[in-house]
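One structure below.
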Amino acid sequence: MDNQDLFICIDHVGLAVSNLDEAIAFHTEKLGWRVLHRETNEEQGVEEAMLGTGEQHPENAQIQLLAPLKDDSTIGKWLARNGGPGMQQLCYRVADMDKVCATLRERGLRLLYDEPKVGTGGARINFVHPKDAGGVLLELTEPPANPAH
Ligand code: MC0
């Protein structure tokens, strides 16, 4: 990685869905994806599944299905505002979350959290506000040293 690079790869694309089991059925039975990992993240208000292929290379982007635990959660509000399911976020993988967040802050972008929170599989996560990222909610993820998926 060159010094100029902030991101390693696209880690995943997050799709907001109303019903996780129905969305998994669609993505596996119709589109041929496989469920690689599933978990509930109470703090983020989501039940989620990560989808990939049978020969998932670590740097191949995954599809993340995000269903709301409650109507007034981030995903619940997003579904209501957008009138149903759709693409909610783009997530970039980083090697050093603290360094990348500091760099982006220096460049004037708003990070949503002062300190990273816990995301999929124990990753450290933060988000760039969509108004500072061309209308796209950008998630940043630093995978744990020993990933759970
Ligand atoms: C809101 N806006 C978006 C957006 N959400 N634009 C693009 N993509 C999105 N996902 C826009 C709205 O259209 C609105 O624009 C403006 O931002 C403010 O919207 P709002 O209705 O007031 O929304 P807020 O402020 O309640 O929430 C927006 C915010 C929120 C980004 C702060 O979604 C948030 O905290 N997101 C980070 C956490 C998250 O997404 N958790 C779920 C995934 P106008 O022009 O109408 O003003 S958890 C996850 O992803 C974890 C498990 C993981 O991967 O490890």
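Throughout, read-outs are computed from the coordinates displayed, never taken from laboratory work. In this text the structure is predicted, and so the values were computed from the model without any measurement. All Cβ positions, even for glycine, are placed from backbone atoms using ideal geometry, and neighbour counts span all protein chains on display.
Assuming 0.36 nm per residue, please report the length gained on full extension of the stretch ALA133 to ASN146 beyond their Cα-Cα distance.
Extra length from ALA133 to ASN146 when fully extended: 1.7 nm.
What's the angle, to the nearest 10 degrees (0 to 90), between helix 97-106's Cα axis and the longest principal axis of the chain?
Relative to the chain, helix 97-106 is tipped by roughly 70 degrees.
At R0 = 30 Å, how high is the FRET efficiency between LEU6 and LYS77 if r is their beta carbon distance? Nearest 0.05 is fine.
Calculated value: 0.55.
Could you tell me the relative contact order of the stretch 17-132? Use alpha-carbon pairs under 8 Å, at least six residues apart, and round to a whole percent.
The value is 18 percent.
Could you work out Rg/(2.2 N^0.38 Å) for the stretch 102-142, with Rg from alpha carbons only?
Ratio of Cα Rg to 2.2 N^0.38 Å: 1.13.
Nearest 0.05, what FRET efficiency do MET87 and ASP21 give at R0 = 30 Å with Cβ-Cβ as r?
Result of the calculation: an efficiency of 0.90.
If you take the Cα Rg of the chain and divide it by 2.2 N^0.38 Å, with N the number of residues, what do you get?
The reported ratio for this selection is 1.03.
So what's the gap between the Cα centers of the stretch 7-42 and the stretch 51-92, to the nearest angstrom?
7
Taking 25 Å as R0, compute the FRET efficiency from the Cβ-Cβ separation of ASP114 and LEU36 and round it to 0.05.
0.20
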